[in-house]
Amino acid sequence: QIINQEFKYEIISNNENIVNFNDFIKIEQDYLINQIDLNEGIAKTQILKQNIFLSFIAILGKIPLIIYGKPGSGKSLSAQLIYKSMQGKYSKNRFFQQFPEVIPTYFKCKGTTNSKDIENLFTIASKKLEHNKKESVVPLVIVDELGLIEHSISNPLNILKHKLKYENSGISFIGISNYNLD
């Protein structure tokens, strides 16, 4: 939801020729990526736009998101760009200043990742939320290489599923994997 009327007017007035919902989504993706400070050499590909847009929506809505795709397709980059842009009142871009600050907890999985590792991630994120109760913040758990834990002996995916399904306690989640998970 766009709170600031200035941004709302800018989006609506510049897009009077929207024919269908897909056009609207593409316009929103373009608008969002143009608010992000991209380093030179980062191309505004359609997949990057989609991943950033979905990450933005998932973070604000606290909807668990798992992004999967081929290595090098910008999955980790999109998560990094969106949480670095979403610094609340400290954001470089005025658009992002109207949204809560994202406080990330990052974890890169290995073949040895276990259930306790996953539990610890959410404990850390919960503590960040408690510590910042007075501020408008969204703790974000980012789990990279999520596919590596699918065949782990301790089955950490069960804990993750439980955390995402039953214990949504104000923590956003983005999982990144090179392939679709079970």
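Miscellaneous remarks
- Solvent-accessible area assigned to carbon and sulfur over the chain amounts to 52 percent, based on a 1.4 Å probe.
- Put simply, the convex hull of the Cα atoms in the stretch 75-182 casts, on average, a shadow of 7.0 nm².
- Given [x] 133, 30, 25; [y] 54, 40, 32; [z] 66, 48, 28, the label whose value is Cα extents along the principal axes in Å derived from this model: [y]
- Taking every alpha-carbon pair in the stretch 125-181 and binning the separations at 10 Å intervals from zero gives 21, 45, 26, 7, 0 percent.
- For Lys84, the shell of other residues with beta-carbons less than 13 Å away shows a net charge of -1, using +1 for Lys and Arg and -1 for Asp and Glu.
- Helical contribution to [θ] at 222 nm, DSSP H n ≥ 4, -39,500 (n - 2.57), averaged over the chain, rounded to 500: -14000 deg cm²/dmol
- Ranked packing of 138-146, 119-127, most packed first, by mean Cβ within 10 Å: 138-146, 119-127
- Scanning residues 5 or more positions from Val138 or on other chains, those with amide H under 5 Å from its amide H are Glu101, Val102, Ile103, with H placed 1.01 Å from N in the peptide plane.
- Assuming charge only on the beta carbon of Lys and Arg (+1) and of Asp and Glu (-1), the dipole of the chain about its Cα centre is about 400 debye to the nearest 20.
- Scoring 65-72, 82-89 by mean Cβ neighbours within 10 Å over their residues and listing the highest first yields 82-89, 65-72.
- Over 21 Å (Cα to Cα) - which of Lys26/Lys165; Lys70/Lys108; Lys62/Lys165; Lys75/Lys108; Lys62/Lys110; Lys62/Lys127 fall in this group: Lys26/Lys165; Lys62/Lys110
- The residues of the chain expose, per residue, 58 Å² of accessible area to a 1.4 Å probe.
The values are calculated or read from the model by the stated rules, or taken from the named source; none is laboratory data. Keep in mind that this is a model prediction, so the values were computed, not measured. Cβ atoms come from the backbone with ideal geometry, glycine included; neighbour counts cover every protein chain shown. SASA here: full protein model, heavy atoms, side chains in, ligands and nucleic acids out. Shrake-Rupley method; radii C 1.70, N 1.55, O 1.52, S 1.80 Å.
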